[in-house]
1. Among Leu82, Leu105, Leu77, which is the only one that is among the hydrophobic types (A, V, I, L, M, F, W, C) and more than 16 Å from the chain's Cα centre (by Cα)?
2. Do we have any residue at all in region 149-168 that's within 30 Å of Thr4 (Cα to Cα) and not small (Gly, Ala, Ser)?
3. Restrict the check to region 118-136 and report whether at least one residue is in contact with a Leu (Cβ under 8 Å, 6 or more places away or on another chain), assigned to a loop (DSSP other than H, G, I, E, B), more than 26 Å from Leu15 (Cβ to Cβ) and modelled with pLDDT of 85 or more.
4. Might you let me know whether region 157-174 holds any residue that is in contact (Cβ under 8 Å) with a residue 60 or more places away in the chain and surrounded by 11 or more Cβ atoms within 10 Å (Cβ to Cβ)?
5. Go over the candidates Leu22, Leu6 one by one and state the one that is at pLDDT below 90, under 27 Å from Thr98 (Cβ atoms), in a helix (DSSP H, G or I) and of a type outside the set (Ser, Thr, Tyr).
6. For region 117-156, how many residues are under 13 Å from the mean Cα position of the chain (by Cα) and crowded, with 16+ Cβ neighbours inside 10 Å?
7. For region 84-99, does any single residue satisfy the condition of being modelled with pLDDT of 85 or more, in a loop (DSSP other than H, G, I, E, B) and assigned by TED's automatic domain parsing to the domain that holds Leu22?
8. What is the one condition in (1) in a helix (DSSP H, G or I); (2) more than 19 Å from Leu113 (Cα to Cα); (3) at pLDDT 85 or above that Asn147 does not satisfy?
Amino acid sequence: MNKTVLHWLQYVIILPILFFSLFITSWTASYLSISEDWKQHIVFTPQTAEDSNQIYEIDKLLYAFKYNPVFTTIFVLSIVYLIGIMITRWLYWRKHKTGLIGLQLMIVLPIFLYTLLVTHSTGAIIAVEKNWEKYLVFSPKSITDVNQIYYIDRLLYAFQKSPIISTVLILTFLYMTGLVVTKLSHQIRLRKNINI
């Protein structure tokens, strides 16, 4: 089997496992933020933190590991495995000088999917916003239920609330689009040269 195919096969298998375990781990970790005794579970977050929104991600991960060790372990191991695949692909590229676009896609795709997930969940917070009507741009002003808010308005809300993650989302999307267009144009030129 070709090494490129083997790398991509492993990548396609591990990526859904990574994001499913991320979902379960994040869901478990979110209970720390709504727990009344959240200060008893923090290790790295300073005890002077006044709000549960200030909890460090490492404390959330430790909390998830305490209450759901199987999925948290799968999440951490799949991150390590994914990084191993990327390093192996990079070493293959350095040796053979081929497959750079695939390597870049392997690196950028998880970043894009993670920022998309974070942007989507941030956009869902508009439902609990008191003055959600002021964030509407494309949705009709006559709507009375938060479930009628257009998805584009939820995304714009997420862009306002977390601009760094949203900027990374846009940049990774544009970069991936550029990589795909570059690969397609290279393949078209290659086929034209073969036909000549």
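1. Working: Leu82 fails: more than 16 Å from the chain's Cα centre (by Cα); Leu105 fails: more than 16 Å from the chain's Cα centre (by Cα).
Every option except Leu77 fails the conditions.
2. First, pick out the residues of region 149-168 that are within 30 Å of Thr4 (Cα to Cα): 168.
Among the residues that remain, those that are also not small (Gly, Ala, Ser) are: 168.
Checked against the condition, which is being within 30 Å of Thr4 (Cα to Cα) and not small (Gly, Ala, Ser), region 149-168 yields at least one hit.
3. Looking through region 118-136, none of the residues is in contact with a Leu (Cβ under 8 Å, 6 or more places away or on another chain), assigned to a loop (DSSP other than H, G, I, E, B), more than 26 Å from Leu15 (Cβ to Cβ) and modelled with pLDDT of 85 or more.
4. Yes; the residues of region 157-174 include at least one that is in contact (Cβ under 8 Å) with a residue 60 or more places away in the chain and surrounded by 11 or more Cβ atoms within 10 Å (Cβ to Cβ).
5. On the way: Leu22 fails: under 27 Å from Thr98 (Cβ atoms).
The match here is Leu6.
6. Here is the first cut: in region 117-156, the ones under 13 Å from the mean Cα position of the chain (by Cα) are 117-122.
From what is left, the residues that are crowded, with 16+ Cβ neighbours inside 10 Å are 117-119, 122.
Count: 4.
7. no
8. Evaluating Asn147 over (1) in a helix (DSSP H, G or I); (2) more than 19 Å from Leu113 (Cα to Cα); (3) at pLDDT 85 or above leaves (3) as the failure.
The values are calculated or read from the model by the stated rules, or taken from the named source; none is laboratory data. Keep in mind that this is a model prediction, so the values were computed, not measured. Glycine gets a Cβ as well: all are built from the backbone with ideal geometry, and neighbour counts include every protein chain shown.
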